[in-house]
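Colleague: Structure in structure tokens, see below.
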Amino acid sequence: MSNMTKKTDIILIGAGVMSATLGSLLKELAPEWEIKVFEKLEKAGEESSNEWNNAGTGHAALCELNYTTEKEDGSIDINKAVKVNEQFQVSRQFWSYLVNSNLISNPQDFIMPIPHMSFVEGEKNVQFLKNRFKALTKNPLFKGMEYTEDPEKLKEWVPLIMEGRSVNEPIAATKIDSGTDVNFGALTRMLFEHLERQNVEVNYRHQVEDIQRTSDGLWELKIWNMATGNIERHTAKFVFIGGGGGSLPLLQKTGIPESRHIGGFPVSGLFMVCKNPEVAEQHHAKVYGKAKVGAPPMSVPHLDTRFIDNKKTLLFGPFAGFSPKFLKTGSNLDLIGSVKPNNVITMLAAGVKEMALTKYLIQQVMLSNEQRMEELREFIPNAKSEDWDVVTAGQRVQVIKDTEAGKGTLQFGTEVVTASDGSVAALLGASPGASTAVHVMLEVLERCFPENMFKWQSKIQEMIPSYGVSLSDNPALFEKVHTSTEQALGLGGKEPAYINA
Ligand SMILES: Cc1cc2nc3c(=O)[nH]c(=O)nc-3n(C[C@H](O)[C@H](O)[C@H](O)COP(=O)(O)OP(=O)(O)OC[C@H]3O[C@@H](n4cnc5c(N)ncnc54)[C@H](O)[C@@H]3O)c2cc1C
């Protein structure tokens, strides 16, 4: 047991894409600050950020129908879609900056171009998609989107989905070629390698057990060194809790008033993965459908071409489920352990309100493999059971908090919680998730380091030319950053030859 307390400027908890992004931003803005990272697993990017644990969609609202809602008069509200798209452009710009500055290389190892499509059946859904297409294509961010109701055209776009399909009701799809598949696991590992080259101390197999305020205003972390069995103590001026699903319990330990009345509801996931390369070869798109009635937005089914380990694969899902764990590598006691006197009412209120969701999740957990195949056959009518395996995805901990909508309201977005003095920040929630990591980490900087923002502004604008500007209102700037990021990230052409070679 070591009693020596080590001091540093910044501590990042967790080696996922969020800490990787915040660390990389800080290294550019304040290179003189000392940063330490503590991660309980052996490597970076092993929880939600891992390529097998998330869907790898570069969320830009190009195909996800839940970002555009239908108003009572039938018109479409595209505000959320515009916001998500703009946030993804911020990520593209920062990643391009890192590539152009030779801080990371081989962007094709983490981002690939792939058409994003929405596919619907039934008159009402077709009308919705048509209205959505009309509304989105008025905005420059969605330029290049195509729409069709023609089965022949659809056979060209998605042969696997059309083969064996009896078209006895209207069908329609949109397609936009500027979509991406992002391997967030590879990106996270790349960013941590970069951080280590910049002298950031990354401590694996170090589990943060406690966070307490010291009398001199610092934060002291009690950390279990899992390799030696020792307890270490480290202090920092600023702590970022980037523990993914594990962030809520750590935030609660800080005791800051902002951590109160917040709960977490874990939702687990499963993907079906195609093990027959001949089938995988017949599909080349991310195709999102419409959520089933009662389903939460994050369980919208989609059939995705993915690029993992330099191979093209096909994933379908996610199927939602319930597990009391907050991390895939977490404990069955996580949920119950997160119930505290200050959030018990919030949690109970959510339990009463979200009966339909609970029922839906239980139904999903009970699905047999053959029932999952039936859901897959709504996308690929001729899908054969022997071509598909099931893989467990990451855990998402949805935030429960008291809002204007009432006590215990389930949130599906990402929440940044910060102490009033900006000395600690935590990231909760998981959607749109990793795609918007750069935007969300800039929000952490704005809220926690307001006194530095003026000094940092020009560097941020050098890295992210659209910082603080609405791209939707500035088509010329959008065109410029879209083209330059396409070039820097190698998104202009077809997939490289080594894929499936
Ligand atoms: C099924 C699913 C599908 C998704 N699909 C997409 C998608 O298509 N596109 C998208 O953009 N996003 C998607 N997401 C969301 C995205 O994966 C997450 O938003 C993102 O990976 C979160 O990154 P993070 O760094 O916050 O957490 P994580 O990647 O989970 O990293 C947290 C790290 O903290 C460590 N840790 C936790 N507690 C401690 C502790 N006490 N001490 C030390 N270390 C600790 C963990 O071991 C872990 O390594 C999806 C998520 C899921 C689950």
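The values are calculated or read from the model by the stated rules, or taken from the named source; none is laboratory data. Source: prediction; values computed, not measured. FYI the Cβ positions are ideal-geometry reconstructions off the backbone, even for glycines, and counts take in every protein chain you see.
Colleague: Go through the residues of the range 244-254 one by one and say whether even a single one is part of a loop (DSSP other than H, G, I, E, B), hydrophobic (A, V, I, L, M, F, W, C), at pLDDT 95 or above and within 10 Å of the ligand (Cβ to nearest atom).
Modeller: No, the range 244-254 has no match at all.
Colleague: A follow-up question, please. Take G23 and tell me if it is among the small types (G, A, S), under 21 Å from H234 (Cβ atoms) and within 14 Å of the ligand (Cβ to nearest atom).
Modeller: yes
Colleague: Identify, by number, the condition in (1) more than 22 Å from the chain's Cα centre (by Cα); (2) part of a helix (DSSP H, G or I) that G492 doesn't meet.
Modeller: Tallying (1) more than 22 Å from the chain's Cα centre (by Cα); (2) part of a helix (DSSP H, G or I), G492 fails exactly one: (2).
Colleague: Follow-up question, since we're still on this one. Could you tell me which of the residues A356, A383, A350 is assigned to a helix (DSSP H, G or I) and surrounded by 18 or more Cβ atoms within 10 Å (Cβ to Cβ)?
Modeller: Result: A350 is the single residue among A356, A383, A350 that is assigned to a helix (DSSP H, G or I) and surrounded by 18 or more Cβ atoms within 10 Å (Cβ to Cβ).
Colleague: Keeping to the range 52-97, report how many residues are in a helix (DSSP H, G or I) and farther than 28 Å from G185 by Cβ.
Modeller: So the answer is 2.
Colleague: Restricting attention to the range 412-440, report how many residues are over 13 Å from the mean Cα position of the chain (by Cα) and within 24 Å of N102 (Cβ to Cβ).
Modeller: The number of residues fulfilling the criteria is 0.
Colleague: Can you tell me which residue within the range 285-332, out of those that are away from the ligand (no atom under 15 Å from the Cβ) and surrounded by fewer than 19 Cβ atoms within 10 Å (Cβ to Cβ), is farthest from L376 (Cα to Cα)?
Modeller: N332
Colleague: If only one of F88, F94 is in contact with a helix residue (DSSP H, G or I) (Cβ under 7 Å, 6 or more places away or on another chain) and under 21 Å from M453 (Cβ atoms), which one is it?
Modeller: The conditions single out F94.
Colleague: For the list (1) surrounded by fewer than 16 Cβ atoms within 10 Å (Cβ to Cβ); (2) more than 16 Å from the ligand (Cβ to nearest atom), I need the number of the one condition that V391 fails.
Modeller: (2)
Colleague: Can you pull out every residue in the range 202-218 that is surrounded by 15 or more Cβ atoms within 10 Å (Cβ to Cβ) and either at positive phi or within 14 Å of the ligand (Cβ to nearest atom) (or both)?
Modeller: V202, N203, Y204, R205, H206, Q207, V208, I211
Colleague: Could you please let me know if R377 is basic (K, R), closer than 22 Å to L303 by Cβ and either surrounded by fewer than 18 Cβ atoms within 10 Å (Cβ to Cβ) or touching a Pro at 6+ places or on another chain (Cβ under 8 Å) (or both)?
Modeller: Yes; evaluated as a whole, the condition is true for this residue.
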